[in-house]
Amino acid sequence: MNTRDWPIRAKLTALVVGPVTGLLALWIFATTLTFGPALDLLAARTLLYDLGRPGESVVAELQRERRLSVVQLAGDTALPALAEQRTRTDRAVAELRRRVDGEELRDAADDQLDARLDQLVSALDALPAGRGFIDSRKVDRAGAVGLYSGMIGSAFQAFSGMATLPDTQINREALALTALGRSRELLGQADALLAGAVTAGRYAEGEHEQLVRTIENQRFLAENAVADLPPAERAGYQRLTEGEGFVRLRALQDTLVRARDLPAGLDVRAWETSYAAVSQGLRDFELRGADTLAERSVPMAVRILVRLAAAGVLGLLAIVVCVLVALRVGRSLDRRLTGVRTAALEMAEHRLPDVVARLRRGEEVDVAREAPELDHGGDEIGQVGRAFNEVRRTAVQAAVDEVTLRRGLNEVFLNIARRSQGLVHRQLALLDRLERRTEDPDELAGLFQVDHLATRLRRHAEDLVILAGAAPGRGWRNPVATVDVVRGAISEVESYDRVDVGEVQPAGVLGRAVGDVIHLLAELIENATVFSPPGTRVDVTGRSVPGGYTIEITDRGLGMSPPALAEANRKLSRAPEFDPADSARLGHFVVARLAARHGVRVELRPAVPGGTTAVVLVPSDLVTDEPALGPATDGAAGPDDRRMAKVTRLATVPRTRAARPGRDRPESAVLPMPAGRTSSVETPADGDGLPRRVRRRGPVARPRPVAVDNPAYRTPEEARRAMSALQAGTARGRRDGARRDAEPSPPEPPAAPDHPTATERDA
């Protein structure tokens, strides 16, 4: 049985209940062991008066009926005295049956005595049948003697079963009295045999030998029984045997034993008188001895009960004292241990988290006040309490130090991120000026690549700001179309050329959330490209749903296992504190922070047939109608328009896509260029109205070194994509040219300033 996880109260209860239960069981056992003999002694009177006296009366009546039955069998006529004797015998048997069937006698008797009582009742049930055999003379004198002797023997076996008292001396005397009764029964058998022989005038075959054995057994039993009697009882029996009737009966027995045949001069009258006197004397002696035993058993039982009561009270008092002491000590231990446990749980679950939360809010914390000294005594529990006090102080101090260290680390992150952001913004502004001034297509393409790297570097710098717990500085004042938000996110991904923009339903995102949504989508698209094979594509789609706008990013990678997917969704569903030890999924942490800031929901799902789909639900309070596209109302592009065109630059590379209904933009959307410069940007429409920079050399091109034309090897897939792009561009150029011929030309937009605006610098 494992008791390791039991509560302390249960353990203490087990420690108390075990010994107390054992002591109580021992007390009950000792009490029962002593109380049983006392009850047996008290039951001795019940056995004597409900079995001894009625049984002895039945024995005496059966002995008389036996003698008369033998005399009747020896003669030729029925004896009227036998009928009268049978009536008296039936009354004695009926009384005995009533006592045997009573509850008092059965309750006082043990199992052995119960069996012997049943045997006695069964033997008495054969009495009517035996009488019938005697009346019809179907048995001889020896058979009649045996019939009655068997019933009387069952009665004496029941008398012997009463000698089961706890006192050995009383048992010995009871058995001695029973043996005297058996000797008297043998004397009655001898009288019955002699009466039959006298009536018939001779012994039947074998009767003399049976008479001799009966007389010898009677004398043997009497001598052995007297030896077990106490001195006073033995002296009384000796006086009885010295009486005239007993001496004359012994002399007549000797005469019968010596003579082979029935003596001619036998004084039958003397025999009958002597037998009656001796039998009555022995019966009275036995009854007095039984009464004496019954009277002696009562005081003895009372003494046993008194000792039992004293021992029981003392034992019960000892048990009560043990229980009270155990309860007091156990309750004290439980209270003190519970106090230590409560203090530990309060520190671990409430006080320490509250201290950490207050420290993170910038509040001052007093270690001595938050970890007060607790007194738990001077024993082992007190020592544990003092050790826990030290642990509490150390834990609070460690929390203070940890929060201080984390706060300093966040400040370092934020400081480095702000510095990096400033440098990246200046670098982007410089690149923007260089791009506006550069006319060489190859150099312009290289500047675009550097611009892309700087854009990714800006996103990583923003990651540091988010890890530090601050908000990035990039933002828009006006709503931005979701398709531009998606393209802006794609432009911040290294493998942007592997991303396909599918159907994106018209909608807009409020300016205050545009920067964070772009960053969030960029992190998810970056994960999709990194954790999928290089040759696969990543699909981005968007649609309006009840409650907001959903953007789905699907890759064709190996996907994630259900436990990993559940763990990732758990992290994305809340904004956890940054843990430097968990650096394997910094992108998930950044996404969770950005999503929690604006109430955006992000969930990862298995894709069909393979891969993972990231579902981004932008809430309805951040979604608006798609803003109008093209130049501003005053004829000049605003700062947000110029910044969005710069953000989506890499996403404007022509790509084979199916045109989406409702997404065509005006052809006049152009990328602002500095004044006085030859534009390297044309504005062919691709069906969505976004500007497309077409590589074209200006009128005044700077000389550049001649490069040797070494054709590079192209795979069939690359050649197919190049030809498809060429065909799509040719078809789109023809379509756009026909459209420009049919529509009036828009006014020329004003020149953009050479330097970035304040909003761009803040970005």
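The values are calculated or read from the model by the stated rules, or taken from the named source; none is laboratory data. For clarity, every value in this text was computed on a predicted model and none was experimentally measured. FYI the Cβ positions are ideal-geometry reconstructions off the backbone, even for glycines, and counts take in every protein chain you see. Calculation scope for accessible area: heavy atoms of the full protein, side chains included, ligands and nucleic acids excluded. Shrake-Rupley method; radii C 1.70, N 1.55, O 1.52, S 1.80 Å.
On the basis of the beta-carbon distance and an R0 of 51 Å, K138 and T32 show a calculated FRET efficiency of 0.40. Each listed q (0.13, 0.15, 0.20 Å⁻¹) maps to a log10 I(q)/I(0) for the stretch 151-268 from the Debye sum over equal C-alpha point scatterers, namely -0.60, -0.75, -1.11. Computed over protein heavy atoms with a 1.4 Å probe, the accessible surface of the stretch 63-171 works out to 47 Å² per residue. Amide H to amide H distances under 5 Å link R601 with L617, where only residues 5 or more positions off or on other chains count and H is placed in the peptide plane.
A 1.4 Å probe run over the stretch 232-384, with the rest of the protein chains in place, finds 60 Å² accessible per residue.
Per residue, the accessible area of the stretch 491-568 comes to 39 Å², computed with a 1.4 Å probe over protein heavy atoms only.
Residues whose amide H falls under 5 Å from that of M560, counting only those 5 or more places apart or on a different chain, are absent, with hydrogens built in the peptide plane. Along the stretch 428-441 the Karplus relation, 6.51 cos²θ - 1.76 cosθ + 1.60 evaluated at θ = phi - 60°, assigns HN-Hα couplings of 5, 5, 4, 4, 4, 5, 5, 5, 5, 8, 7, 10, 6, x Hz to successive residues, with x for each Gly and Pro. For the stretch 328-339, backbone phi angles converted through the Karplus equation (6.51, -1.76, 1.60; θ = phi - 60°) give residue-by-residue couplings of 5, 5, x, 5, 5, 4, 4, 5, 6, 5, 5, x Hz, Gly and Pro being listed as x. The label point for D261 and the one for S724, both projected 7 Å from the Cα toward the Cβ, are 15.2 nm apart.
Here the peptides 113-122, 8-17 are ranked by packing, the mean other Cβ count within 10 Å, and the order with the highest first is 113-122, 8-17.
Peptides 551-564, 320-333, 389-402 ranked from most to least packed by the mean count of surrounding Cβ atoms within 10 Å: 551-564, 389-402, 320-333. Note on L287/L317: beta-carbon distance plugged into 1/(1 + (r/R0)^6) with R0 of 41 Å gives a FRET efficiency of 0.35. Coupling constants for the stretch 124-140 follow from the phi torsions by the Karplus curve (6.51 cos²θ - 1.76 cosθ + 1.60, θ = phi - 60°), and in residue order they are 5, 5, 7, 5, x, 5, x, 5, x, 4, 5, 5, 8, 6, 8, 10, 8 Hz; glycine and proline get x.
The length gained by stretching the chain between T241 and R88 to full extension, at 0.36 nm per residue less their Cα-Cα distance, is 52.1 nm.
The peptide list 99-110, 186-197, put in order of mean Cβ contacts within 10 Å with the highest first, becomes 186-197, 99-110.
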